[in-house]
Amino acid sequence: MKDRIKQIRKENKLTQVEFGERIGVKGNTVTGYETGLRNPTDAVLHSICREFFINENWLRTGNGEMYDIPEDEVASIVSDLLEENNPCYDLIVEIMKTYRKLDSKSQIVLQNLCRELLSNIRKREDD
């Protein structure tokens, strides 16, 4: 868990003190979490998940997706992307149309490719 806490902090470009302020603990407490000298309480874990939209199962075990973005947040992002004045609009529509034309096996291959790309991006950010 210590590495996952550090990953969350680094992805958000926060110091240990800043991260601690966001979740309600002191910077040296965050240091303890990241070194494995301290274990965060359930309340702290809930704070991390709530503050940074983190999947609690992933935080505790490393299983599943890292982020757990609320449905209303996802809806807002999609809505913004699909506004016709957004320069990405035409590209997104063409991607969706092309994806829908693929047979189910091809869709699965594309989904796996996307998962692998996201995994590689996250690994690169950790370096």
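Since every read-out is calculated from the coordinates, none of them should be taken as a lab result. Here the structure is a predicted model, which is why all the values come from computation and not from measurement. Note that each Cβ is placed from the backbone with ideal geometry, even for glycine, and that neighbours are counted across all protein chains shown.
Going 7 Å from the Cα of Tyr99 in the Cα-to-Cβ direction, what parts of the range 49-81 have a backbone nitrogen less than 19 Å from that spot? Only 65-81 pass the distance filter.
If you run the Gaussian network model on the chain, springs between alpha carbon atoms under 10 Å, then out of Arg38, Arg50, Arg115 the most flexible one is Arg115.
Please list, by residue number, every one of the trypsin sites (Lys or Arg not before Pro) in the range 1-35 that is coil in DSSP and has at most 10 other beta-carbon atoms within 10 Å. Can you show the working numbers first?
On the way: sites: Lys2, Arg4, Lys6, Arg9, Lys10, Lys13, Arg22, Lys26; in loops: Lys13, Lys26.
Hits after loop and neighbour filter: Lys13.
Placing pseudo-labels 7 Å out from each Cα toward the beta carbon at Leu37 and Glu18 gives an inter-label distance of 2.3 nm.
Of all the options Ile54, Ile92, Ile69, the one that moves most in a Gaussian network model of the chain with Cα springs shorter than 10 angstrom is Ile92.
Of the residues Thr41, Thr15, Thr29, which exhibits the maximal mean-square fluctuation in a Gaussian network model of the chain defined by a 10 Å Cα contact cut-off? In the Gaussian network model the winner is Thr41.
Rg over Rh of the chain, using C-alpha atoms and the Kirkwood radius, what does it come to? Show your work: numbers first, answer last.
Details: Rg = 18.1 Å, Rh = 17.0 Å.
Rg/Rh: 1.07.
Compactness of the range 81-122 is given as radius of gyration and Dmax, 12.6, 34 Å, from Cα positions.
Taking R0 as 30 Å, what FRET efficiency do you get between Ser119 and Asn85 from their Cβ-Cβ distance, rounded to the nearest 0.05?
On the way: r = 33 Å, r/R0 = 1.10.
In this case the efficiency is close to 0.35.
If we count GluC sites (Glu not before Pro) as exposed when they sit in a DSSP loop and have at most 15 other beta carbons within 10 Å, what is the longest stretch of the chain that avoids them all? Write down the numbers at each step before the final one.
Details: sites that count: Glu65, Glu83, Glu84.
That would be 1-64.
Residue-wise HN-Hα couplings along the range 27-42, as the Karplus relation 6.51 cos²θ - 1.76 cosθ + 1.60 with θ = phi - 60° gives them from phi, are x, 5, 5, 4, 4, x, 5, 6, 8, x, 6, 10, 10, x, 6, 4 Hz; Gly and Pro carry x.
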